[in-house]
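Below: the structure, in structure tokens.
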Amino acid sequence: AIRRPMKTPESGTEVFSPVAYSGNSTAGRSITSGFPLDWVVTKGRNAGIEPISYTRLQGSGRKLLTYSAAAEANSSTNVITSFDQDGMTVGTDTDINNSSYTYIDYFFKRATGFMDVVCYTGNGVAGATQAHNLGVVPEFMIVKPRGSGNWATYNKFNTATDLMYLNEIYASDSNGSIWNNTTPTDTVFTLGSGFLNTSNAPFIAYLFASLDGVSKVGSYTGTGSDLNVDCGFSAGARFILIKRTDGSQYASGDWYVWDTARGIIAGNDPYFLLNSAAAEVTNTDYIDPLSSGFTVTSSAPAALNASGGSYIFLAIA
């Protein structure tokens, strides 16, 4: 059994691990995280294998696609065969362990002050609250109907009057009814009567906060030049998620993801998009390492560093 809530972590390696590997088509393969696994996002790197989300609360046989509004679906029995105390055991399916492909997995552990996962059932009542165990006020939330429906996100910079969709390229849009125009607290988040609170429908929510030396939910304004983003880290970010929040309403920018397992270096850095099934891009230098966080380079596109543009990010040390 895993006791909840967990203690507050002192380093990012206690609660997050990016693992890059080559498939070997061997059933029963163990992919280790070094801690009990609560959430994993897995993605095929060298092919159009969609980014797939699995959580312990859903069960290893159920999946959601981060680029799609599709309902939760049964996963092949040859993908994740079990969540383990130090990672997961996988089969031979193309989604996870085929010898023709390479993969990246993001392992997350729920922990006070860092991240929580909440499953709930909607009641259709505006102002309804859902309890969480994050222990602090969530600064970034991702909520998905387990039936059909977009991945809605909340961030503290655009407040409870706005939302963006994780599976779309839209800018932040005014919609106070989604969060009932109510800022989350250290114990609950609030919902309207809309699609994130449909009566008797199941939902799943992922909550993040800034924790000194571990994680940073932040924002920056683009300059078009090299831009240092200070996260308060001492050895740089191992995971970076960036999304533009302004610009064209229906073409603001993608949800970019980098990690040190594939490489955050002073050169080309592989990235993929949470809102796309496309293979990773390896021939761009949009970010560089920085001991206190990361640097967005002058070669980055408007989706990452337009002069005067507004951006949010999640970084993990």
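The values are calculated or read from the model by the stated rules, or taken from the named source; none is laboratory data. What you see is a predicted model, and the numbers here were worked out from it, not measured in a lab. Note: ideal-geometry Cβ built from the backbone for every residue, glycine included; neighbour counts use all protein chains shown. We work out accessible area using only protein heavy atoms, side chains counted, and drop any ligands, DNA or RNA first. Shrake-Rupley method; radii C 1.70, N 1.55, O 1.52, S 1.80 Å.
Tell me, which strands (runs of 3 or more DSSP E) wholly within the range 218-273 include 3 or more residues that are over 19 Å from residue 40 (Cα atoms)?
Answer list for the range 218-273: 227-230.
In the range 264-273, what residues are more than 18 Å from the chain's Cα centre (by Cα) and surrounded by 14 or more Cβ atoms within 10 Å (Cβ to Cβ)?
269
Give the range 103-124 a look and list any residue that's over 20 Å from the mean Cα position of the chain (by Cα) and either open to solvent by 10 Å² or more (accessible area, probe 1.4 Å) or under 18 Å from residue 216 (Cβ atoms) (or both), or say none.
121, 123, 124
Of the residues 217, 229, only one is in contact with a strand residue (DSSP E or B) (Cβ under 7 Å, 6 or more places away or on another chain), more than 30 Å from residue 145 (Cα to Cα) and open to solvent by less than 20 Å² (accessible area, probe 1.4 Å); which?
229
Of all residues being of a type in the set (Val, Ile, Thr), in a loop (DSSP other than H, G, I, E, B) and in contact with a strand residue (DSSP E or B) (Cβ under 7 Å, 6 or more places away or on another chain) in the range 135-193, which is farthest from residue 67 (Cα to Cα)? Just the residue, please.
Taking the candidates together, the pick is 187.
Looking only at the range 77-92, which residues are more than 19 Å from residue 33 (Cβ to Cβ) and in contact with a strand residue (DSSP E or B) (Cβ under 9 Å, 6 or more places away or on another chain)?
Across the range 77-92, the qualifying residues are 78, 92.
Is it the case that the range 72-88 has a residue that's among the small types (Gly, Ala, Ser) and free of Cβ contacts under 8 Å to residues at least 12 places away in the same chain?
yes
Just to check your reading of the model, which residue among 248, 310, 210, 276 is touching a residue at least 40 places away in the same chain (Cβ under 8 Å) and loosely packed, with under 15 Cβ neighbours inside 10 Å?
248
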